[in-house]
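Here's the structure, in structure tokens; my notes come after.
The values are calculated or read from the model by the stated rules, or taken from the named source; none is laboratory data. Quick caveat: nothing in here was measured; it's all calculated off a predicted structure. Don't worry about glycine lacking a Cβ; one is built from the backbone with ideal geometry, like all the others, and counts go over all protein chains shown.
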Amino acid sequence: MTAEMRKVYLDNNATTRTREEVIAAMAPYFGGIYGNASSIHQFGRPARTAVDEARNRVASLLGAASPEEIIFTSGGTESDNFAIKGVVNALRSKGNHIITSAIEHPAVLNTCKFLAKEGCLVTFVGVDEYGVIKLDELKKAITDKTILITVMHANNEIGTIEPVEEIGKIAEEKGVYFHTDAVQSAGKLPLDLKNMNISLLSISGHKLYGPKGVGALYIKKGTKITPQMLGGHHEMGKRAGTENVPGIVGLGKACELAGKELNAESKKLTELRDYLYKGITSKIEDVRLNGHPQNRLPNTLNVGFKYLEGEGIILNLDMEGVGASTGSACTSGSLEPSHVLSAMSVDAADIQGSVRFSIGRDNTKEDINYVVGVLPPIIKRLRDMSPLYEKGK
Ligand SMILES: *Cc1c(COP(=O)(O)O)cnc(C)c1O
């Protein structure tokens, strides 16, 4: 008999494990409480109550002024599509110019590219070497045809936090809507939307220990937006389709727990993240930190191992029971170099060997010790085989 291999999941920016408390909260809505939240009889009423309660919980985590500003969707991707296309549709008569960053998640980037083909003007503002958007470029890009700025709160690949308060102020001054994709930051960074100039904000259940296939879009009161999903009068007429009651309940529960634990969790994650980085750099040479050294998500560590291919490292880590990723789950499977690291002007050779470790609430110091134990021999073995390593030395 062989001992079972340790399993260490360090890919929490791709998805998280749904919490037991969340599963327990959802369970009744798959069973006894099956009514349609739009039905006014006794079968539907408890479903409606649960959806309303979840809306309160999401609003509370985000610091929204009112729960009516929260619209449930099928996830982060739909929220991003809804925000951007919905504003473009609603503000046609005002203009057709959108400003975004070069490092957005594909849900935003590809929506903007699609709209560019449909006749919108899109400006992709660059970032500095740490992945922080260039605010002066953003300011200069605004014209009287600009209707929307969409810049993410925190980047999924490198964890860099974007200056959303400053962007909000700029947008407010110019009378332009500001959407932010907060899928990676919700539950990890504090938010207080009633005191921020943010018109629209996207979140997703499965990135904060809730279920997959559910998310929300915050729409500040008074923001003009055209529904994208047409049908019945669900979600205050903004998003048609029978509510995913169990999913919405799960998202609400996940938000409630995330809010309560945010400070303690953030401290713990930061410690583990920095402990991992120290462990790696104390044992391995030629390592590059990608992303902002301080102003970064507490759980995200993206490092470049010079002379190597990230995929090789990931596959070898997988054989040791460790789950990590190159860049984002959404771009792995393609051989394109990361658009995020490219926009940061990282050397092509350094981009190749980049690996993202994203820590989660279940991880322990022992997990990190295990990774710091198995990684150095993998890197050594791969470098010994790498023709680039010979040249580099
Ligand atoms: C995961 C992710 C999304 C997509 O969310 P889904 O719920 O998976 O559709 C959007 N933006 C960012 C930053 C993400 O990390």
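Summary of values
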quantity	calculated
Any chance Asp347 is among the charged types (D, E, K, R) and within 29 Å of the chain's Cα centre (by Cα)	yes
Within segment 60-80, considering residues that are assigned to a helix (DSSP H, G or I) and buried (at least 22 other Cβ atoms within 10 Å of the Cβ), the one nearest to the ligand (Cβ to nearest atom)	Gly76
Condition check for Ser199: assigned by TED's automatic domain parsing to the domain that holds Asn96, within 11 Å of the ligand (Cβ to nearest atom), among the small types (Gly, Ala, Ser) and buried (at least 24 other Cβ atoms within 10 Å of the Cβ)	no
Hits in segment 186-196 - residues which are within 13 Å of the ligand (Cβ to nearest atom) and either in contact with a helix residue (DSSP H, G or I) (Cβ under 6 Å, 6 or more places away or on another chain) or without any contact (Cβ under 8 Å) to a residue 12 or more places away in the chain (or both)	Gly187
Candidates Gly304, Gly241, Gly250, Gly279 - the one that is over 30 Å from Val371 (Cβ atoms), out of contact with any Cys (no Cβ under 8 Å at 6 or more places or on another chain) and either more than 16 Å from the ligand (Cβ to nearest atom) or not in a strand (DSSP E or B) (or both)	Gly241
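The rows are residues; the columns are (1) out of contact with any Gly (no Cβ under 9 Å at 6 or more places or on another chain); (2) surrounded by 15 or more Cβ atoms within 10 Å (Cβ to Cβ); (3) of a type in the set (S, T, N, Q).
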residue: Lys220; (1), (2), (3): yes, yes, no
residue: Thr226; (1), (2), (3): no, yes, yes
residue: His233; (1), (2), (3): yes, no, no
residue: Lys238; (1), (2), (3): no, yes, no
residue: Asn244; (1), (2), (3): no, yes, yes
residue: Glu261; (1), (2), (3): no, no, no
residue: Lys268; (1), (2), (3): yes, yes, no
residue: Asp286; (1), (2), (3): no, yes, no
